[in-house]
1. The conditions are (1) crowded, with 19+ Cβ neighbours inside 10 Å; (2) out of contact with any Cys (no Cβ under 9 Å at 6 or more places or on another chain); (3) in contact (Cβ under 8 Å) with a residue 24 or more places away in the chain, and Phe47 fails exactly one of them. Which is it?
Amino acid sequence: MRGIFLLGIVWSAFHLLGDFAKTTEDYQVFSVLTSRLSSCIAMSYVFGWLTLRSGSIWPAALAHGLSNVWALALQPSLGVQLSALSTRIIIVICWGPLGVLLFRFWPLSIGMEVSDQVTSVGTEPMV
């Protein structure tokens, strides 16, 4: 869980350059940081669950692509009058509870049993 949280922070850092290229006012910095961090952390739990559950990055990559399409569909240039902050709030409201539900009701199996990890050790010394 801590690794997925850290992944969300790193993932949001990758997106910050694009966010601040559009920001020209000082008061927008805090709202951009907060919204980007919260949306990336919320989505990282869903994408992390998909990756760990399937054992492949492809389901998470597909979900990320669908998320990008969904976010573009909510952009003001396409007719819906929502700001980027409103779009991220909608993303957090949708992805956040989904991540909680996935980990709560469909938990991941954490590794193998200890007996599966330990190989049988003979009493004879190795030569």
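1. The number of the failed condition is (3).
This table checks each residue for (1) exposed (fewer than 14 other Cβ atoms within 10 Å of the Cβ); (2) at pLDDT 90 or above; (3) out of contact with any Lys or Arg (no Cβ under 6 Å at 6 or more places or on another chain).
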residue: Gly3; (1), (2), (3): yes, no, yes
residue: Phe14; (1), (2), (3): yes, no, yes
residue: Tyr27; (1), (2), (3): yes, no, yes
residue: Ser31; (1), (2), (3): no, no, yes
residue: Ala61; (1), (2), (3): yes, yes, yes
residue: Leu78; (1), (2), (3): yes, no, yes
residue: Ser83; (1), (2), (3): yes, no, yes
residue: Leu101; (1), (2), (3): yes, no, yes
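The values are calculated or read from the model by the stated rules, or taken from the named source; none is laboratory data. Worth saying up front: this structure is predicted, and the values here are computed from it rather than measured. Note: ideal-geometry Cβ built from the backbone for every residue, glycine included; neighbour counts use all protein chains shown.
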